[in-house]
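All of the numbers you see were taken from the coordinates with simple rules; none came from a lab. Being a predicted model, the structure only gives us computed values, none of them experimental. Heads up, the Cβs are rebuilt from the backbone with ideal geometry, glycines too, and the neighbour counts pull from every protein chain shown.
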Amino acid sequence: MQHKAYELVIFDWDGTLMDTIGKIVSCMQNVAQELILPIPSEQQIRDVIGLSLPKIMPILFADHQNHEQIIDCYRRHHVANVHPTPLFEGVESLIRSLHAGGYQLAVATGKGREGLDNVLARTGLGQYFHATRCADDAESKPHPEMLFSLLTHFDVAADRAIMIGDSIHDLTMAKNAGMASIGVSYGAHNQSKLQALNPRAIVDKPLAIRDYL
């Protein structure tokens, strides 16, 4: 049997497993329109994807004091928005094969618990993940609390775990936890931004992740 470089594989969700970037951008811009705030550009929104909403709002809407109001507005738009959010091609095969191969699988995401549980159920992927951590459980990325919590849960050393994500916030979180990372170039941040964090690899499709585990 081939030796595994890692026991625990931790995935971000938005922009890594599920194609949600377009919906997030649309909802944020709709919030700005409704509240008569300066409309952030797509790039400005992409740059904060991966952070928790309480971290995002002061960055995108610095002049608006009531960030709870903005978060509530965003959640309302997110529920009402029918923009399709499919899994990226190859994700289901990837997760199934890693699970069958004996890897411990986890999620570390800036999503809230309700949103994460919803997509885990809707996609059918929930059965493959042994543990999940989200914005309601720990400090926002790039703080490493989510990863430290998962390492403790699985009783795995940091050098036996790897974080996979589409943003610099994911890769910085991994670095802060003393953990290796893999960047995916099809999500929020492009290859040059991800490369600055020295990930083990940057892949342009989900199934390529298997080559680095």
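Some notes on this structure:
- Among LEU37, LEU17, sorting on how many other beta-carbon atoms sit within 10 Å of each Cβ, with the fewest leading, yields LEU37, LEU17.
- Ranked by how many other Cβ atoms sit within 10 Å of their own Cβ, fewest first, the residues LYS111, LYS175, LYS141 fall in the order LYS175, LYS111, LYS141.
- Helix 91-100 vs. the chain, principal-axis angle (Cα, 0 to 90°, nearest 10): 40 degrees
- Multiplying the residue separation of LYS4 and ASP204 by 0.36 nm and subtracting their alpha-carbon distance yields 69.8 nm.
- On Cα atoms only, tilt of 67-80 relative to the major axis of the chain in degrees: 70 degrees
- Calculated Rg and Dmax of the chain using C-alpha coordinates, Å: 16.7, 59
- Ranking of MET28, MET18, MET173 by count of other Cβ atoms within 10 Å, fewest first: MET18, MET28, MET173
- Each Cα pair under 8 Å and six or more residues apart adds its separation to the average, and for the chain the resulting relative contact order is 27 percent.
- Whether the stretch 91-213 is rounded, prolate or oblate, judged on the alpha carbon gyration tensor where a/c under 1.5 counts as rounded: rounded
- Here the stretch 1-80 is treated as a Stokes sphere of Kirkwood radius computed over C-alpha pairs; at 20 °C and 1.002 mPa s its diffusion coefficient rounds to 153 µm²/s.
- Under 19 Å from a label point set 7 Å out along the Cα-to-Cβ vector of ASP136, the amide N atoms of the stretch 150-177 belong to 150.
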